Structures are given as C-alpha cells and as structure tokens.
There are 2 protein chains.
Amino acid sequence: MPVNLPLPDPSQLLPIAGVHVGSARAGIRKPGRRDLLVIALDPGCSVAGVFTTNRFCAAPVTVCRQHLVSGAEMRYLLVNTGCANAGTGAPGMEDALQSCAALARHAGVDPVQVLPFSTGVIMERLPMDRLTAGMPEALANVGTGTWAEAAEAIMTTDTQPKAVSCTADVGGHAIHVTGIAKGAGMIHPNMATMLGFVATDAVIAPQLLAGVTREVADASFNRVTVDGDTSTNDSFMVIATGRAGHPPITSADTPAYRQLRDALVAVALPLAHAIIRDGEGATKFITVQVEGGRDVAECLRVGKAVAHSPLVKTAFFASDPNLGRILAAIGYAGVDDLDVTRVRLHLGEVLVSEAGGRAASYREEDGQRVMAQPEILVRVELGRGAAETTVWTCDFSYDYVRINADYRS
Amino acid sequence: MPVNLPLPDPSQLLPIAGVHVGSARAGIRKPGRRDLLVIALDPGCSVAGVFTTNRFCAAPVTVCRQHLVSGAEMRYLLVNTGCANAGTGAPGMEDALQSCAALARHAGVDPVQVLPFSTGVIMERLPMDRLTAGMPEALANVGTGTWAEAAEAIMTTDTQPKAVSCTADVGGHAIHVTGIAKGAGMIHPNMATMLGFVATDAVIAPQLLAGVTREVADASFNRVTVDGDTSTNDSFMVIATGRAGHPPITSADTPAYRQLRDALVAVALPLAHAIIRDGEGATKFITVQVEGGRDVAECLRVGKAVAHSPLVKTAFFASDPNLGRILAAIGYAGVDDLDVTRVRLHLGEVLVSEAGGRAASYREEDGQRVMAQPEILVRVELGRGAAETTVWTCDFSYDYVRINADYRS
C-alpha cells in the first residue's frame, strides 16, 4: 500500500510528438501480465542515458552503452520485466544482442538502432523464445498504446505504475514532457535509477542532451534510497524529439537550457518520489533535508547515512521518536571534523536537538505527533557552511522483510 | 533465539589476578535487573582502549579518552546499562564526570582514576540518583562477584551474556585472558565495538598495550556488522595486570608480543562472533570470506557490502539462494576496476558463479541445501591479488524489525 501515491490518470499523460509506445503480454516470468514494452522513435530524435555504476552491470546496460556511442540514430527502446539479464556472463550478452537483432528484423531497422533494457531476477537467462514471440504484438500496438500501459509494462515489485507529465515554457514556446519509471526495492541509484524513461518534444542539440540528463538524474533519482542496494540494471533515459518548434537549445548557459532542465526535473523528481512512496513495505515517506554544510557532498553523506540506517527506518515504522538514532547516523556519516555542538535537528517544525543534546524546548509528545504522520520531514542543520541537499527515503517494515524473503517464489 | 551460542559456563571463566568485578541492581531503566558493573584494578595494572569514531560519541567515551591520556593510574571501570548518555550535550558530560567522582568518593581514589561506560537508549539523561545509590552494593561485592555476573550486568537487547576465557603460552609462561562483551543491534564497530572488556595477567609494557588493543579490535570487533549502524558508545578495553610472572613484553617485534596478541584475539573474536550470533532477530550466522584482492581494504569493502545489504540478508533469512543479490553487492562495493569475469562466488563448497554469470556446474538444489543451514560460508574470489579478509554478519528477519520498532517501549 504505497504512501500517498495516487494512480496516474491516463488522461493527464501527454503524448510526445515523435514517440510511440506499444506493449505486450509475453509471459516472460508469469503469464497474463503486461511485461514487454517497445518505445518507437521517429527519425531525428536524440537519446541520452545514465546507467548504474555497479560493476556487475546487466548485459543490456553494456549493450546500451555500446549502441549509444556507435553514432547510429536510435529508433527503438525494448524493455522487458521479469528477468534482469544480469550476472549472466557472455551468454547474457549474446541474449541482449539477439533481442536487439530480433526486434530490428521485425521493424526493419539496424540492430545497433535498438536499445535493450531488462529488469527482474538476477542470474537467470532471458527466455529468448517468449521474448521474441511477444515482439509482433508489442510492435502492432505501437501508435495506439498509451503511456499508462507503458508504465504498467515495466513494473516488477511495484504495486502501482508510475507516470508523470508536464508542460513548460522554453523560450516562449510550450514544450511537453512525459516520463515513466519502475522500482521499489534494490533502490539506491548511483548515477541513475532502476528504469526511468522521460520523453520531451523540446529541441536541443544532441551533444547537450547527455549533460542535462545527468543533471536531472542528480536532482531526482540519485537522491532517493529504499535499501541502499545499487541495482545492476539502473538506467535513466531522456528522449528529445525536437518537435516543439522552438529555436534549438545550443548552449548549457542559456535560460532555455535551464527551463528545459527544470521541466525534466519536474517529471523525474515525482517519478523518483513515486519509487519511494511505493518502496517495498513502505508506510512513511521521509524527506531528509541537510543544510549548513561546507559542500553538497558532505550534506549528501549525512542525508544518506540517516536515510540508510535500519535503526532510523524501523523507528519511523514504529512512529517512535527514538531520535538519538538519527544523531548516531549523523555522527558516523564520515564528516570527520563535525562539531556536534553546532548541529541542530528538527522533526517537522519541532526542534529536537541542539548543543549536542536534547533541545530544552523539546517535548516527547511533539516528536510523537510528527512521527505519527505518513509524511515526515527530518531537517539537519550542520552549522558549518551554506551548502544543502535533500534525500528521500521510506521506513523499514515487516513487509520489507516479507517481500524480499518471498521475491523469487 | 541466538544462532548456536551456548550460555557461558561460569566454571570455565578464569579469574584474572589483579582484577575484581562487582555488580548491582540499580534500577537504571527497569527494576530488578543487574545493570551496574564495577571492575576494580589493583595498583600496577595497565589499561588501553579503542573507541567509536562516531562524532556524536557518548559523554563517557569523551571522559574515558581524557582520563586515559591524563597519565593517572586507572583503578576502576564503571559501567551502566539502560542509558547511553549519548546525545546529551554538556549536561551529559557533567553527569559522566559526576558519576566518576561519586565512585571515587566511595572507593577512596581520585575521579581521574575511574573510567565510565554507558550503554542503552540515546538522548536521555543518566538517572544520577539511582546510579549513585547502586554504587555501594556493586562495590560491596567486588571480589566476590563473578565474570558471569559481570557479563549479565552490561546486557541491553542481548538475549544472553557473552563471556570467554583462554589460557595461552607467552614465552614459556602460562597467561590467562578473560573477556566480556555486549551488543546485538547498532552493531557496525568502527575501531571498537559496543562494549567489550578483556583482562589478562600478562606482563606488557604500558606503551605497547594501545597498539595490541587496536590490532585485536581490527581482527575481531571491527570485522562484524549486524545493521551497519556505528554506535555512539563503542568501547573496547584491554586490561593487563602484569601478574603472570613472565619477563615483560617490551617490543611489538617479539614472539611473546604475537603470542599475547593471538591470545587476546582468541577471546575477542568469539566475543565478536557472540554479538552476531545474538544479533537482533538473527536466525543465521554468516561468514563472508573475501580472497584474491589487491589489498585488505578492498576485500573489506566487498565483504561489508555483502554483509550490509538488506536484500542479501533477507534472502538468507528466507533460505533462498537468490545469489544474484550477492553479485550485485560485490558489484557496487566500490572496487572501480573490478573485472567481474574473474570473480568466483562460492556458497559453502558450492561454486555458484564464475565468468560473470552462473557456474555451469551450479544446481539450485545445492545452493538451497547450503542456505538452509544455520551457519553459512560465503566465499568470494576477486581474482586480482593475494590479500584476503573475513567479515561476519547475521540475517535480517521479521524479528529485527519487531525488536527495533519496540526497543524503547
């Protein structure tokens, strides 16, 4: 039961000119569920991506990287759920390449113009027969398929599809952005997230797209964690179709670039939040805001220490203002010269700790009241500079253990 | 229910000449339980310690550090459970100093000759009235108190007391070592553990004791983790009474030094293991052995990544050989140039993965058989050097969540 996460309203998901989605029920892992997605791009679109830093990265991640640097024009994204094709060695690479080749044959393009993505169980081979058999159905409904169906087709332990749209002004022209994402566990994106796809009709020089993609990932998916486990398959892709009709963005140092970046973040951040709200077993949505650091890096270390601590997360699950656990996490975050007498800790609007100890004004019932909410703000003032950042996480419940003890069964 | 952890046999716990223990039921947090310990040292003993690196370290840790560098001869260790006196600011420091002063008054020594230790809930003040009122009872049974009672007097969420003894040969003389420890959660010692006290009658130059203490901590408590949370109160103390009658150890580069170090490890390592066997909610005792690294540091990073992963730990709880999760953890451990095609993963005697994927010989039922055991060996060959290390951890169960959602109630 996700935390305050409404189902996407299909009527609010904006089509993006130049992008067409189609999906199929291919029976990859379980019969009868939508598990295969094809995203078809008209000629002239640009695609950029950021990928997991995990050394055991999945075969499709390696193939994506190779195809993106090949110089070929990307025409298809092929996504399956149910099997990650990670930890599969050389045969897994062959499967990923063969799946591109099979789709290319059906669609009449070159295999290098196909980007493959997989998500699901690690260390199992792709069922190539079922994957290939599902392609004609997915291709047949490209053009009539909806973003809502696309979001559904990439779910694993997600309880809800995740899709967001927005319109924005870029240099006086309206542009459109629509994105989908999946993920609920093994979530600690490091340069990217499990799977996220965002498309826009904005016009941007292809050489700028990689940079803005990284900026957007850093402001959204790279700021969330469910369990501190960086997945083997994390991939975040941005597609720019260039159909919006505004003058091309050709420099990162322009208002139009910043407007586009903000519009992409306006889609990517709610998608990243949706992953946390639907985090495995989540009952609380927790925002950890760290201020007053010397630089963003140390704010991030403190925010992640708090967000990763199983003790902090179980206290949130119990609605127990056991706030010493948050102090302990701040203390071991690796800020070696931290002066704890300058640290101030707030829970919502309640000042909990200052001068190295409990705040004189703090009353347990105030902490209790904030902890009982489904949305909780933890605010840490480090008192040593002007940098700040924010990390989002969820609590740690019985259901996290149940879901992950049962996942393969 | 700890994993294969027999209760200490009081008759097997060796007295250490020059060290006397006494305890009391002071009602620090709950009435009727043994929660106050005094360790009295005869004149002429040496004491060394290593302490938490947590910046929010507890007031007694700060006081211990000050007293140890004062040059005074240590005569008493004072330990309370039920309250950590951490995150208590300047008033907490005052409480720690006052507790030393109160014991010193009763015992007729100087306050700087007392080392204070606290463990329990963070961000609550010490109940000074009850602590002080319990001191006469604890002092009265110094000399008749047993190490088994001492081990009991420092427990928090531990389900069993933890105490180990050994005898060893040092330069042809028999020496004796006895140690106690406590800890079950917030266990990821970083330079020390929650609380561990080891005493020996060995004769060693005081200036060498700090070095051997650190070596012993690195070989024992610094190699275990329950939940990745480094406590505010971690303290590991070694007491050498010098009563064994052998020629003093005056150099670290001697067989006698190494014999003493090994004897101390022979007590400290089973204590560290006892903490994992009694880890909050533990049902499995897991040894993660990492070999073939370029240096110990990278072996340790890989071992800790595997041992910290909630996904790996819930899979162990479920006895599910979902071994791709271990590959994922190896992959994100931060060994940036790791060649995954050279990594080999074994579960017990079963080769699970090689060449970046599933081993050809691996059968799921073999993995299943190992996973069903209460004691599991995970062996990772990195294939890039000759360094190795071992980390110990437990699984992650419903009971971990239950215990930590309930801890303060």
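What net charge do the residues around A:A282 carry, taking every other residue with its C-beta under 12 Å from that of A:A282, with Lys and Arg at +1 and Asp and Glu at -1?
Net of charged neighbours comes to -4.
Taking the Cβ of A:V21 as the centre, find all other residues whose Cβ is under 12 Å away and add up their charges (Lys, Arg: +1; Asp, Glu: -1). Write out the running numbers ahead of the final one.
Working: positive: A:R34; negative: A:E149, A:E152.
Net of charged neighbours comes to -1.
Fewest first, what order do A:T132, B:T88 take by the number of other Cβ atoms within 10 Å?
A:T132, B:T88
Can you work out the FRET efficiency for the pair A:E364 and B:R402, with r the C-beta to C-beta distance and R0 = 22 Å, to the nearest 0.05?
That pair, A:E364 with B:R402, gives E of 0.50.
Among residues other than B:D262 whose Cβ falls under 12 Å from its Cβ, what is the net charge (Lys/Arg +1, Asp/Glu -1)?
Computed value for this residue: 0.
In whole angstrom, how far apart do the alpha carbon centroids of segment A:289-328 and segment B:315-368 sit?
Spelled out, the Cα-based centre of one part sits 31 Å from the other.
Just grab the label-to-label distance for A:M128 and B:T159, each label 7 Å out from Cα along the Cβ direction, in nm (one decimal).
In this crude label model, A:M128 to B:T159 measures out at 4.9 nm.
7 Å from Cα along Cα→Cβ at both A:E215 and A:D295: what's the point-to-point distance in nm?
Taking the two extended label points, one gets 2.0 nm.
Using only the alpha-carbon atoms, how far is helix B:128-140 inclined from the longest principal axis of chain B? Give it as 0 to 90 degrees, nearest 10.
For helix B:128-140, the angle is close to 80 degrees.
Take chain A, connect every pair of alpha-carbon atoms lying under 10 Å apart with a spring to form a Gaussian network, then pick out the residue of A:M186, A:M123, A:M155 with the largest mean-square fluctuation.
A:M123
A:T341 to A:R105: FRET efficiency via 1/(1 + (r/R0)^6), r the Cβ-Cβ distance, R0 45 Å, to the nearest 0.05?
0.10
Would you mind listing the distances between the A:A297 label point and the same position in each other copy? Use 7 Å along Cα-to-C-beta, nm, one decimal, shortest first.
Distances to the matching label points in the other copies: 1.5 nm.
Per residue of A:356-362, what is the mean number of Cβ atoms on other protein chains within 10 angstrom of that residue's Cβ? Don't skip to the answer; put the middle values down first.
On the way: counts 11, 13, 8, 1, 1, 0, 1.
For peptide A:356-362, the averaged partner shielding equals 5.
A 32 angstrom limit on the alpha carbon distance is what I want to check against. Which of A:K313/B:K182; A:K30/A:K162; A:K182/B:K182; A:K162/B:K313; A:K162/B:K284 exceed it?
Correct reply: A:K182/B:K182; A:K162/B:K284.
Round to a whole angstrom and tell me the spacing of the C-alpha centers of segment B:81-138 and segment A:42-109.
Going from one Cα centre to the other spans 62 Å.
Taking the Cα atoms only, what angle lies between the long axis of helix B:296-308 and the longest principal axis of chain B, rounded to 10 degrees?
90 degrees
Hey, got the average number of other protein chain Cβ atoms within 10 angstrom for residues in B:330-340?
5
Suppose every K and R has +1 on its Cβ and every D and E has -1 on its Cβ; what is the size of the dipole of the protein assembly as shown about the Cα centre, in Debye to the nearest 20?
340 debye
Rounded to the nearest 5, what % of the DSSP beta bridges within segment B:10-277 are antiparallel ones? List each step's numbers first, then the result.
On the way: 33 of 48 bridges.
Here the antiparallel bridges make up roughly 70 percent for segment B:10-277.
Using +1 on the beta carbon of Lys and Arg, -1 on that of Asp and Glu, and nothing else charged, what's the dipole of chain A about the Cα centre, debye to 20? Could the numbers behind the result be given before it?
On the way: 34 positive and 42 negative charges, 99 e Å.
It comes to approximately 480 debye.
If the only charges are +1 at each Lys and Arg Cβ and -1 at each Asp and Glu Cβ, what is the size of the charge dipole of segment A:285-406 around the Cα centre, to the nearest 20 debye?
120 debye
Have a look at the DSSP beta bridges in the protein assembly as shown and tell me what percent are antiparallel, nearest 5.
65 percent
How would B:Y257, B:Y400 line up from fewest to most surrounding beta-carbon atoms within 10 angstrom? The partial results should precede the final answer.
Values: B:Y257 22, B:Y400 30.
Sorted ascending by nearby Cβ count, the order is B:Y257, B:Y400.
Put a point 7 Å out from Cα along the line to Cβ at B:D110; what are the distances to that point in the other copies, in nm, shortest first?
From this label point to the equivalent ones elsewhere in the assembly: 8.3 nm.
Ratio of Rg to Rh for the protein assembly as shown, alpha carbon only, Kirkwood? Present the calculation step by step, with values, prior to reporting the outcome.
Numbers: Rg = 28.9 Å, Rh = 28.2 Å.
Taking Rg over the Kirkwood Rh, I get 1.03.
For A:A133, place a label point 7 Å out from Cα along the Cα→Cβ vector, do the same in each other copy, and report the separations in nm, one decimal, smallest first.
7.7
Arranged by the count of other C-beta atoms within 10 angstrom, fewest first, what order do A:S361, A:S165 take?
Listing A:S361, A:S165 from fewest to most nearby Cβ atoms yields A:S361, A:S165.
Enter the angle in degrees (range 0 to 90, nearest 10) between the Cα long axis of helix A:206-219 and the first principal axis of the Cα atoms of chain A, meaning the one along which they spread out most.
Between helix and principal axis, roughly 30 degrees.
Quick note: the coordinates plus some simple rules give every number you see, no bench work behind them. What you see is a predicted model; the values in this text were computed from it and never measured. All Cβ positions, even for glycine, are placed from backbone atoms using ideal geometry, and neighbour counts span all protein chains on display.
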